[in-house]
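Novice: Take a look at the following structure, please.
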Amino acid sequence: MSAQSSSATRRSTTAAETNMPSVKYCADKVNARYRHGRPDSELVPSRYALKVGEIDVMVVSDGVLNLPGAMLGHNVDPAVRAAWLNDMFLPPDVLEWALNVVMVRSGGRTILIDAGMGMEFPDLPRSGKLAQRLEDAGIDLSSVTDVVLTHLHMDHCGGLLVDVVRERLRKDLRVHLAVAETKFWEAPDFSRVSMPPGFPDALRRTAKNFLKEYHSRLRPFENEFEVAPGVLVQRTGGHTPGHSVVRLASSGDRLTFAGDAVFQVGFEHPDWYNGFEHDPEEAARVRVRLLRELAANRESLVATHLSFPSVCHVAVAGDVFRWVPGPWEY
């Protein structure tokens with residue numbers, strides 16, 4: 001199974017999108033599609049609970065991000081990318097990206113895996129819903145014993161910088177983050193990314209603020225760490241040097257929270273480079289390796305930017321992969 005595509009679909013990996021639209025443009029264009037507006041209140045709870053053996057799991061939506069469609073694959077011909085988006089009944093230039101976090105209870109510990117966007121980028125008003133939705137689910141932030149961060153992009157750690165969240169977290173909170181991630185953000189390299197205007201500065205600022213605010217609560221790990229029984233965080237690298245996934249295993253059941261290792265397009269086109277990847281080639285290798293493993297052992301997958309609640313399986317489809325949504329249990 002190869003992560004290589006034909007040269008006809010690829011472009012230089014060093015060439016960023018020259019006409020990347022702003023996030024505000026993306027949000028305005030998406031909102032314009034909803035001619036009759038949106039409901040004033042949520043029609044269904046934005047949370048989904050399941051069990052992995054004896055481990056309690058809840059996927060919680062932090063909202064959605066309005067971002068350029070080009071970020072799904074900036075190393076491919078725009079016409080090829082637009083054709084894929086059209087096949088998926090999606091607009092060619094702007095996407096609504098899901099933003100999921102996970103709550104886990106195991107061995108007497110309550111673990112938050114990633115923390116959403118927070119208020120770090122005001123042009124993304126439909127994100128930053130974590131505190132509200134945890135409260136709606138009856139989860140008290142003071143009950144959280146551990147936070148696992150897959151990496152320090154602002155849509156994964158920004159929620160911890162919101163005053164109403166920070167003030168309610170316990171003093172003995174443990175924050176688990178790969179050592180390589182903390183080192184990377186001392187002098188981050190953005191030379192290989194392809195992001196909307198303003199994003200690199202916002203990402204630098206958020207990571208710096210987070211490391212300053214939570215320095216005393218960090219519990220850095222090198223390659224892997226068992227946070228609680230059956231809850232193992234493992235560094236993969238690629239997306240960022242310290243990017244990690246969380247593997248859950250209990251009573252023969254398994255589920256992996258893949259963070260940003262897998263995006264929707266990554267099943268059919270695992271070699272397409274996402275605009276947020278700091279090392280695109282390594283990120284593609286990580287993606288293929290992880291999808292192969294998940295397909296082989298038939299475990300469940302949840303990822304940050306797959307459509308909520310994102311619980312799915314991975315199947316092999318020729319020389320690429322196929323996304324198999326999990327049954328909705330109700």
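Novice: Work out the charge dipole of the chain with +1 on the Cβ of Lys and Arg and -1 on the Cβ of Asp and Glu about the Cα centre, then indicate which of 86, 315, 115 is farthest towards its positive end.
Specialist: Result: 115.
Novice: Going by the alpha-carbon gyration tensor, a ≥ b ≥ c the square roots of its eigenvalues, is segment 227-330 rounded (a/c under 1.5) or, if a/c is not under 1.5, prolate (a/b greater than b/c) versus oblate?
Specialist: Verdict is oblate for segment 227-330.
Novice: Quick one: putting +1 on the C-beta of Lys and Arg, -1 on the C-beta of Asp and Glu, what dipole do you get for the chain around its Cα centre, in Debye to the nearest 20?
Specialist: Magnitude of the dipole: close to 160 debye.
Novice: Could you tell me which residue out of 290, 263, 305 lies farthest along the dipole of segment 257-309 toward its positive end? Charges go on the beta carbon: Lys and Arg +1, Asp and Glu -1, centred on the Cα centre.
Specialist: The one lying farthest along the dipole's positive direction is 290.
Novice: Can you give me the orientation-averaged projected area of the convex hull built on the Cα atoms of segment 100-209, in nm²?
Specialist: Across all orientations, segment 100-209 yields a mean hull projection of 7.6 nm².
Novice: Compute the length gained on full extension between residue 297 and residue 167: take 0.36 nm times their separation in residues and subtract their Cα-Cα distance, giving the result in nm to one decimal.
Specialist: Contour length minus the Cα-Cα distance gives 42.7 nm.
Novice: Which of the GluC sites (Glu not before Pro) across segment 134-224 are loop residues per DSSP, with 16 or fewer other Cβ within 10 Å?
Specialist: 167, 186, 222
Novice: Give me the three principal axis extents of segment 163-243 from the C-alpha atoms, as integers in angstrom, largest value leading.
Specialist: 39, 31, 18 Å, listed from the longest principal axis down.
Novice: Rounded, prolate or oblate: pick one for segment 267-313, where a ≥ b ≥ c are the square roots of the eigenvalues of its C-alpha gyration tensor, a/c under 1.5 means rounded, and failing that, prolate if a/b is larger than b/c, else oblate.
Specialist: Since a/c reaches 1.5 but b/c is at least a/b, the shape of segment 267-313 is classed as oblate.
Novice: Computed on alpha carbon atoms, what radius of gyration and Dmax characterise segment 197-272, expressed in Å?
Specialist: 15.4, 47
Novice: What Kirkwood hydrodynamic radius, in Å, does segment 25-177 give when the mean of 1/r is taken over all pairs of distinct Cα atoms and then inverted?
Specialist: Roughly 17.1 Å, rounded to one decimal.
Novice: If you build a Gaussian network model of the chain, linking Cα atoms that sit under 10 Å apart, which residue out of 257, 267, 190 swings the most?
Specialist: 190
Novice: How many percent of the accessible area of the chain is carbon or sulfur, using a 1.4 Å probe?
Specialist: 51
Novice: Need the list of lysines near residue 212 for cross-linking: C-alpha distance under 16 angstrom, and skip anything on the same chain fewer than eight residues off.
Specialist: Residue 212 reaches 171, 183.
Novice: Further question: Run the Debye formula on the Cα coordinates of the chain, all scatterers equal and no solvent, and tell me log10 I(q)/I(0) at q = 0.08, 0.09, 0.15 1/Å.
Specialist: One equal scatterer on each Cα of the chain leads to -0.34, -0.43, -1.34.
Novice: Going by the alpha-carbon gyration tensor, a ≥ b ≥ c the square roots of its eigenvalues, is segment 218-261 rounded (a/c under 1.5) or, if a/c is not under 1.5, prolate (a/b greater than b/c) versus oblate?
Specialist: oblate
Novice: Hey, what number do you get for the chain at 222 nm if only DSSP H runs of n ≥ 4 count, each worth -39500 (n - 2.57), divided across all residues, to the nearest 500?
Specialist: It comes out at -6500 deg cm²/dmol, rounded to the nearest 500.
The values are calculated or read from the model by the stated rules, or taken from the named source; none is laboratory data. Quick caveat, the model's predicted, so the values are computed rather than measured. Heads up, the Cβs are rebuilt from the backbone with ideal geometry, glycines too, and the neighbour counts pull from every protein chain shown. With ligands, DNA and RNA removed, areas are computed over all heavy atoms of the protein, side chains included. Shrake-Rupley method; radii C 1.70, N 1.55, O 1.52, S 1.80 Å.
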